[in-house]
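Notes for the one structure printed next.
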Ligand SMILES: Nc1ncnc2c1ncn2[C@@H]1O[C@H](COP(=O)(O)OP(=O)(O)OP(=O)(O)O)[C@@H](O)[C@H]1O
Ligand SMILES: [Mg+2]
C-alpha cells in the first residue's frame, strides 16, 4: 500500500552559496540576488505609485525601519534597549538646534545631528554600560522620559512649545529617497559588519562576555562602539523627521519611538537586521490600515502582534527565508 | 608557523630585569564568609610547568581567577615580570601575555568550531599578526585547531561547537588560549572529563608547547597524568598553600596525604598551620 507525503528539501544552491563557488547560470544568480534586489526595487519603484497619504506612511516605514535596525544592532551586542526614543529625540533636537541657532541647511544638520546625537546618547549611557540585562534596559527606558521633564521644567530648547518653522527638505522625492536609501544602506552595511569578524566579537559579548574578555578584548570599548553606531542610526532618523515636521518638541521622546521598533524587530525576527526592516515594513502600514477601527485600533493591532509572535515565533523573515531555500514535492511512501 | 617569533618584539627583547617571571605574594580572597584563598605566596620561573592540586573547593580556580584578573584580591599582590597586575582588568592582563582556559568550557555552541577561534584571533595581542582582511583568520584558526588534534580531513572543525564531544571542546578551549600567543598559559582542569586515551593525546601538545619555551600552570585532579609532566606542584587546602615542591616529594608529605584523605573521607578541618610545608 502506498501513500503520498510531501517532502521538503533544501535547495543545494543554498548550501553552496554559503561558501565561495562559481555561479552556474543566470537562474542561480537571480536566485541568490533576488532577495537582495527585491527591497531595492521596492524602494525605487513603489513610492511613485502611492497616493500622497501612503507616501507619508512609506516615510514612516523608513524612520521606524532605521530605529528597528538600530535596536537589532544593539541587541546583537547584548544590549536590549527600551529607549530608542532617546536616540531619535537626540538626533531630532540636534537637527532642530543646528537649524534654528546656526542656520544650518538640512543636508548638513542631518549627518552632524546624527553623529552628535549618537555621541551624547553614548555619553549618557556610558556610566551604565557595565549593567547587564534588564538593569541596562531600565535605564534606557527611563532616560528619554526624564529628558522630557527636564525640557519641560527648564524651558530650554523652546520648552513645551518646541522649535517650529524649521527648514524643509527640497522636495518630497528627496525626502522619500533619502530616508529609504538610508534604510537600505544601514540594512546592507550593518549586515555586512555583523557577518565580519567584528560582528562575531559583538555577538560574542552577548553570548559569553567572559570568553571575549579572556581574549584580551575590552568588552566595554566594543559595547560603546555598538552603542554609538546604533544611537547615530536612531539619531539620523530623528534628525530627518525634524526637517519633515519642520518642528521639534517633547513628543520626539515619546514611548512610540521606543516600543514600535522593538515590536518590528520581534515580529520580523531579530538577529540579522533584515527581520527588523521587514517588521517595520509590515507593522507601520498595518497600523495605518487599522485606522478605520477608531478606538479599537490598538486592540486589533495588539491581536495582530500576538498572532504574528505565536504563529511565527522565529520571525517572519526567518520563516520566509527558510521557505525560499526549500522546495516541496510529493513522494510515494510505502 | 613563524607566528611565535612575531609576537610583541619589544616585550621579547626586554628581559625580566632579574624579576621573577611570576610572583604571588600573600594573596587572599574572601567571598562573604568563605576564605577561598588565604595568604598564598609562590614564585614561578620562566619555562616552568607548575601543577596546582587540592581537594574540591580548596581555592584552585579562585587562585587562577586572581592571577588572571577575573577576581580582585582582598589581600596580597601579583607581579608578572616585575609588574603589578593584581589591580589590572583581565583583558589587559591577557595583553601582557597571560592566557587561561576555563574549567567549565562554554563555547559559542551554534558557531562552527573554527569560528570560535576568531575572537581570540581578534585579540589586540595577535590581531596585527593575522592580517586584517575578512576570512584571513579562518585559515589561522584551522591551523591552530589542527595543532590541538582536530584532524583536518575529518571536517570536525566545521561542525558547530554544540555538536562536539567533550574531548574536542577541551581541545578547542586549549586552542583558543594558544591563539593568544601567551607567555604564561594557565589551564584549569583541562583533563577533567576526558578518557585516558584523550589525555594521552593532549599531553604531547603540552610538551610541545614547553619545548617552545612556554610557562604553564595546570590545575588538575588527574594527579598521575599531571605528575608525569609537572616540574613542581603546589597543594592547596582550604585556600591555603600546604605544600610546594617536586611531585614525588609533595605526595610524601603528611599534610598532603591527610588533606586528600580528609577530603575523601569528608572529615572536618585538616588545615593546620603547624603542618604547613615550606
Ligand atoms: N564567585 C564566588 N562567590 C562566592 N564563593 C565563591 C566564588 N568562587 C568560589 N567561591 C567559593 O570559594 C571556594 C573555592 O572555590 P574554587 O572554585 O576556587 O575551588 P576549586 O579548588 O577550584 O574547586 P574544584 O576542584 O571543585 O574546581 C569554594 O568554597 C567556592 O564555593
Ligand atoms: Mg576549580
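The values are calculated or read from the model by the stated rules, or taken from the named source; none is laboratory data. Predicted, not measured: the structure shown is a model, and the values here were computed from it. Every residue, glycine among them, receives a Cβ derived from its backbone with ideal geometry; neighbour counts consider all protein chains shown.
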* If only one of B:189, B:146 is within 16 Å of ligand 1 (Cβ to nearest atom) and either farther than 18 Å from residue B:108 by Cα or in contact with a strand residue (DSSP E or B) (Cβ under 7 Å, 6 or more places away or on another chain) (or both), which one is it? -> B:189
* To do: Of the conditions (1) touching a residue at least 40 places away in the same chain (Cβ under 8 Å); (2) crowded, with 18+ Cβ neighbours inside 10 Å; (3) more than 12 Å from ligand 1 (Cβ to nearest atom), residue B:23 clears all except one; give me its number.
  => (2)
* Scanning the stretch B:68-80 for residues that are touching a helix residue (DSSP H, G or I) at 6+ places or on another chain (Cβ under 8 Å) and under 10 Å from residue B:22 (Cα atoms), which turns out nearest to the other protein chains (Cβ to nearest Cβ)? -> B:80
* **Qualifying residue in the stretch B:99-109 (condition: touching a helix residue (DSSP H, G or I) at 6+ places or on another chain (Cβ under 8 Å), surrounded by fewer than 21 Cβ atoms within 10 Å (Cβ to Cβ) and on the phi > 0 side of the Ramachandran plot)** => no
* Asked: Just one of B:33, B:97 is more than 14 Å from chain A (Cβ to nearest Cβ) and more than 16 Å from ligand 2 (Cβ to nearest atom); which is it?
  -> B:33
* To do: Report, by residue number, each residue of the stretch A:316-333 that is at pLDDT below 85 and touching a helix residue (DSSP H, G or I) at 6+ places or on another chain (Cβ under 6 Å).
  => A:325
* To do: For the stretch A:234-334, please list each of the helices (runs of 4 or more DSSP H) lying entirely inside it that holds at least 1 residues being touching a residue at least 40 places away in the same chain (Cβ under 8 Å) and under 28 Å from residue A:163 (Cβ atoms).
  => A:256-268, A:274-289
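For every residue, the table says whether it meets (1) assigned to a helix (DSSP H, G or I); (2) within 14 Å of chain B (Cβ to nearest Cβ); (3) without any contact (Cβ under 8 Å) to a residue 40 or more places away in the chain.
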| residue | (1), (2), (3) |
| --- | --- |
| A:143 | yes, no, no |
| A:153 | yes, no, yes |
| A:168 | no, no, no |
| A:188 | yes, no, no |
| A:200 | yes, yes, yes |
* Residue within the stretch B:223-238 that is away from chain A (no Cβ under 14 Å), within 16 Å of ligand 2 (Cβ to nearest atom), over 18 Å from the mean Cα position of the chain (by Cα) and at pLDDT below 95 present -> yes
* Any residue in the stretch A:98-110 that is within 20 Å of the chain's Cα centre (by Cα), modelled with pLDDT of 95 or more and either surrounded by fewer than 16 Cβ atoms within 10 Å (Cβ to Cβ) or assigned to a helix (DSSP H, G or I) (or both)? -> yes
* Among the residues of the stretch B:39-76, which ones are within 14 Å of the chain's Cα centre (by Cα), in a loop (DSSP other than H, G, I, E, B) and away from ligand 1 (no atom under 13 Å from the Cβ)? -> B:47, B:48, B:69
